[in-house]
Amino acid sequence: MSLINNNFKNNIYRFSHQAMNTIFEIVIDNEEKVYAEQASNAAFEEIDRLEEELSRFLPNSEVARINSLAVGEELRLSSDVFECLNIAKHIYNITKGIFDITAGHIIDFWKTTEGSNNNKLKESVFNNFGMDKIILDETNYLLTALTNDINIDLGGIGKGFAIDKALELLTEWDITNALIHSGSTVKAKGILTGNEGWPVSISNPSNSTQTIAEIILTDNSISGSGKQKGTHIINPKTTLPIKDNAGAWAVTESAAISDAMSTAFMIMPIEDISNFCNIHNEISCIVIKKEIFNIIKNDIFISNNFHENIILNIVL
């Protein structure tokens, strides 16, 4: 995804920072440059802080400590980690287990064993994932492990959560018009000068030169997932890499939720996606049904609730 108009002039500034194995970019409109840079640096420091808590690959992170718990053990979490896990639990519930942050072992298996027969997965892997294997105590911010060898992976929600928190910090700095993106997730606040919001384009995952749609973001977020990243998207119901949908974008207010739902929409059948968006009207989506270099409108599914509060222009 990219900004449609990136030839910025006057008081529009952009800053970038590497974190969470990607490049985060902040664009700030209608502010003094030094102040915009100071605010952006504070937001990037917040993203770095969250990475130290949320990454399962950093040995001292809270998530790494969760993953080392034995059955029955408890861990008191920071408010940020607990909030991220609670959001993930909410998405797990509303998608009926399609989005599952506890499937880290399954993800690792398919990263290292391409094309293997699913029966080779150890029985312990099947028995140790699912949000029902942990208890979250909202009063005391405690997590209790109900099984050994938990493997939480926040790769499908962590970047979006960090963007939410970074934009909250920019708001504390009285920044009124800004956009933050991590490549796969974009969240906007206010408007870009001369526009109705922040114009963003989305492209065919199988052909980056083909623009599919243009969308105007205003105080909301869009996230995308696609097969071009390999077999990192696993269907927890089958423990197999996805085979069907080629690309999916979710739009909602929260970047954490749009991040998670774009992954879920890659897994769900189109009929289930349609029913889901009818029930959860605050979440809209676009899905490319199959991998093809030059797609046409018939290759795209757009949820019925898109027109209600979002400016969308399909350019095919």
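Anything in the chain that counts as a DSSP H helix reaching 18 Å or more along its axis (C-alpha) with Kyte-Doolittle mean of at least -1.0? List them, would you? Each step should come with its number before you reach the end.
Numbers: long enough: 33-54 (31 Å, -0.71); 79-94 (22 Å, 0.34); 158-172 (21 Å, 0.17); 255-267 (19 Å, 1.31).
The qualifying helices are 33-54, 79-94, 158-172, 255-267.
Within a Cβ distance under 12 Å of residue 290, other residues only, what is the Lys/Arg minus Asp/Glu net charge? Here the count lands on 0. Listed values for segment 181-191 are Karplus-derived 3J(HN,Hα) couplings in whole Hz (6.51 cos²θ - 1.76 cosθ + 1.60, θ = phi - 60°), namely 9, 10, x, 9, 10, 10, 10, 10, 10, x, 9, and x replaces Gly and Pro.
Of the residues 70, 39, 246, the one that moves most in a GNM of the chain with alpha-carbon contacts below 10 Å is 70.
Amide H contacts of residue 148 (H built 1.01 Å from N, in plane; Pro and chain starts excluded): 71 sit under 5 Å, all sequence-distant by 5 or more or on other chains. For the set 159/290; 111/289; 133/187, the pairs lying more than 28 angstrom apart at their alpha carbons are 133/187.
Evaluated at q = 0.09, 0.11 Å⁻¹, a Debye calculation over the C-alpha positions of the chain (equal weights, vacuum) places log10 I(q)/I(0) at -0.46, -0.69.
Given only helices, namely DSSP H runs of n ≥ 4 each adding -39500 (n - 2.57), what is the per-residue ellipticity at 222 nm of the chain, to the nearest 500 deg cm²/dmol? List each step's numbers first, then the result.
Numbers: 8 runs with 96 residues, N = 316.
Per the formula, -9500 deg cm²/dmol.
Bear in mind these aren't lab numbers, they're just calculated from the coordinates by the rules spelled out. Remember, predicted model here, so these are calculated numbers, not experimental data. Here Cβ is always computed from backbone atoms with ideal geometry, including for glycine, and neighbour counts include all displayed protein chains.
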